[in-house]
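Here is the structure we will look at, set down as structure tokens.
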Amino acid sequence: MTKQFTANVLICGAGAAGLTLAIDLARRGVSFRLIDKMDGPFRGSRGKGIQPRTQEIFEDLGIIDRVVAAGGLYPPQREYREDGSFTVSEVMEHVDPSPAEPYHIALMVPQFLTEGVMRERLLELGRRVEFGCELVGLEQDQDGVTARLAGPDGEEIVRVRYLVGADGGRSFVRHALDIDFPGKTLGVRAVVADVVLTGLERTAWHRFHEGAMDRQMSLCPLAGTELFQLQAPVPLEGDVDLSAEGLSAMVAERTRRDNIHIVSVLWASAYNMNARLADRYRVGRVFLIGDAAHIHPPTGGQGLNTSVQDAYNLGWKLAAVVSGASETLLNSYEEERRPIATAMLGLATKLLDAAKRGAMRRGREVQQLDLGYPESALALEKPVRSGGLLAGDRAPDAPLRGAAGQATRLFELFKGPHWTLVGYQVEREAVPPRAALRTHAIGPRGNLIDENGHFLEAYAVAPGDWVLVRPDGYIGAIVGSQHIDALTHFLGEHGLI
Ligand SMILES: Cc1cc2nc3c(=O)[nH]c(=O)nc-3n(C[C@H](O)[C@H](O)[C@H](O)COP(=O)(O)OP(=O)(O)OC[C@H]3O[C@@H](n4cnc5c(N)ncnc54)[C@H](O)[C@@H]3O)c2cc1C
């Protein structure tokens with residue numbers, strides 16, 4: 001057995017979850033290997049909806065503008081009636097951005113484009129995916145994990161401190177850990193395919209026979225490409241012809257139009273919808289993130305987003321523990337993320353039931369801006385607050401002005417791997433500087449000015465309050481000046497010495 005550590009972390013799977021974790025660890029200087037058993041990048045559009053909360057994370061990771069440029073917005077949807085006429089509506093409720101929530105509209109970016117941007121970012125940080133490298137065995141002991149990898153040059157044994165299974169719904173890691181994956185098969189099978197077609201305008205998402213599971217057909221122009229994403233429920237049993245001819249015939253039969261022609265099929269899959277959640281997200285030094293931990297129907301566009309956010313929650317904790325913070329910090333990963341997946345499974349299943357009835361409009365619940373960890377052991381409030389923003393909530397954005405006069409935003413100040421401490425009308429010196437902590441003060445003699453009151457409105461703090469924001473943009477603590485000792489203890493406990 002190899003005793004020396006090859007890297008701190010082995011990430012198994014380079015989908016959206018594995019790539020997010022890799023970018024986060026790379027920018028924190030944590031050594032890792034990122035492997036994927038496929039010979040090259042996955043080509044399918046799959047998870048195409050990027051929700052506002054994920055956009056905030058992409059801003060922090062330095063890829064938001066590139067992701068927006070790669071894709072676009074959802075077009076209006078056209079729901080066709082039997083006679084060929086149609087109604088037009090927006091896919092999402094339209095709400096303008098606000099100072100606290102700068103991203104408000106779901107983006108449409110085919111998953112292969114999002115992942116392409118992520119790989120580019122990873123390369124900028126000097127790292128890349130090792131394709132053609134499969135995890136085929138793992139064992140763990142008190143100090144680390146020994147993994148067996150099969151690559152083009154044969155087998156290799158690597159020794160790492162932690163292993164993260166980001167290896168999708170059929171997760172090898174989950175099976176190797178013998179973690180149960182209870183839930184249900186939802187009795188819906190669907191085709192999803194990326195196709196080049198003629199006969200439809202690209203200015204609308206075309207929907208035929210919504211609510212009729214035997215005839216439903218959705219053809220959505222994929223932003224940033226010349227493709228359409230075809231989606232259609234199909235019978236639970238039997239072969240489905242996924243060739244251009246086969247799909248053209250299905251389109252003709254379901255739309256009753258003979259002028260839509262599928263020219264080519266770039267990727268296609270017929271899959272059964274499931275809603276399943278892993279019993280555990282961690283066994284010792286091995287973790288599950290993304291689809292390896294939860295799978296659900298695509299309704300509501302939650303899968304990729306939840307996977308990215310799992311990785312974002314785990315990344316800073318792994319980095320802190322590798323640098324000496326207490327191992328107990330890692331317990332909070334499952335504690336925080338598993339309840340989110342439980343709720344998301346319920347939401348996606350509810351939206352699937354609504355879709356079966358033909359109701360497709362999506363509201364705020366899919367945006368993931370209201371998710372938080374108020375029950376977490378990492379949430380400190382002193383004194384306990386009765387309303388407004390609570391410890392564990394998502395930290396809102398707020399436009400501010402620096403004392404030197406330049407405009408800035410809280411999200412600009414959060415950006416990067418550090419914690420952020422913001423004091424409102426405080427004695428700044430009350431909290432001495434520490435590594436990995438950026439301290440700001442708003443108020444007289446502070447380095448920031450809350451010119452238009454947006455900070456006060458969003459955070460509802462009183463003079464003397466301190467707000468500690470975690471590296472992943474959630475509120476770790478809100479304490480009054482009289483409880484500064486509790487804040488200092490909290491910082492120390494989480495490796496901020
Ligand atoms: C047909 C379909 C349609 C979907 N539509 C939507 C949608 O509309 N909206 C949405 O949000 N989500 C959608 N999803 C879900 C979304 O694609 C997933 O939630 C997302 O891909 C999860 O990312 P992940 O990184 O966890 O897993 P994956 O993207 O599955 O990546 C896992 C990676 O692990 C690799 N791997 C597996 N085993 C090993 C091993 N032993 N060794 C090395 N590598 C390994 C695989 O090759 C793969 O690249 C859809 C999924 C499917 C299948």
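The values are calculated or read from the model by the stated rules, or taken from the named source; none is laboratory data. What you are looking at is a predicted structure, and each value in this text was computed from that prediction instead of being measured. In this analysis, Cβ positions are derived from the backbone assuming ideal geometry, glycine residues included, and neighbour counts consider all displayed protein chains. Heads up: the accessible areas ignore ligands, DNA and RNA and are worked out on the full protein's heavy atoms, side chains in. Shrake-Rupley method; radii C 1.70, N 1.55, O 1.52, S 1.80 Å.
Placing +1 on each Lys and Arg Cβ and -1 on each Asp and Glu Cβ, with no other charges, gives the stretch 135-281 a dipole about its Cα centre of roughly 560 debye.
Here is the link list: K350/K382; K317/K382; K37/K350. Which ones come out longer than 27 Å on Cα distance? Intermediate values should be presented prior to the final figure.
Numbers: K350/K382 38 Å; K317/K382 23 Å; K37/K350 34 Å.
Over 27 Å Cα-Cα: K350/K382; K37/K350.
If you filter the stretch 120-212 for GluC sites (Glu not before Pro), then keep DSSP loop positions with at most 16 other Cβ within 10 Å, what is left?
On the way: sites: E120, E124, E130, E134, E139, E155, E156, E201, E210; in loops: E201, E210.
Filter output for the stretch 120-212: E201.
Over the stretch 103-224, accessible surface divided per residue gives 41 Å², non-protein components excluded, 1.4 Å probe.
Here the dipole of the stretch 235-295 is about 500 debye; that uses its Cα centre as origin and unit charges on the Cβ of Lys and Arg (positive) and Asp and Glu (negative).
Once both labels are positioned 7 Å from their Cα atoms along Cα-to-Cβ, the gap between Q482 and E82 label points is 7.2 nm. Taking 7 Å steps out from each Cα toward its Cβ at L390 and A460 produces label points 1.1 nm apart. Measure nothing fancy, just the Cα-based angle from helix 484-493's long axis to the longest principal axis of the chain, in degrees from 0 to 90, nearest 10. The helix 484-493 is inclined about 60 degrees to the chain.
Modelled this way, with points 7 Å down the Cα-to-C-beta line, the labels at Q142 and S323 are 2.7 nm from one another. For the stretch 1-56, the equivalent ellipsoid derived from the Cα gyration tensor has semi-axes of 26, 17, 7 Å, listed largest first. Pairs of alpha carbons in the stretch 209-318 separated by more than 24 Å make up 43% of all such pairs. For D178, the accessible surface of its heavy atoms amounts to roughly 130 Å² (probe 1.4 Å, protein chains only, rounded to the nearest 10). Contact order for the chain, expressed relative to its length and based on alpha carbon pairs under 8 Å spaced 6+ residues apart, stands at 16 percent.
Cβ-Cβ distance of L123 and D214, R₀ of 41 Å, FRET efficiency by 1/(1 + (r/R0)^6): the value works out to about 0.35.
Contact order, relative form, for the stretch 318-467: 18 percent (alpha carbon pairs under 8 Å, 6 or more residues apart, mean separation divided by residue count). Here the calculated FRET efficiency for E237 and R170, from their Cβ-Cβ distance with R0 = 25 Å, stands at 0.75, rounded to the nearest 0.05. Note on T342 and V283: with the Förster distance fixed at 25 Å, the Cβ-Cβ geometry gives a FRET efficiency of about 0.85. Using modelled amide H (1.01 Å from N, peptide plane; none on Pro or chain starts), what sits under 5 Å from the amide H of G423, excluding residues fewer than 5 places away? It is H440, A441, I442, V467, by chain and number.
Evaluated at q = 0.11 Å⁻¹, a Debye calculation over the C-alpha positions of the chain (equal weights, vacuum) places log10 I(q)/I(0) at -0.96.
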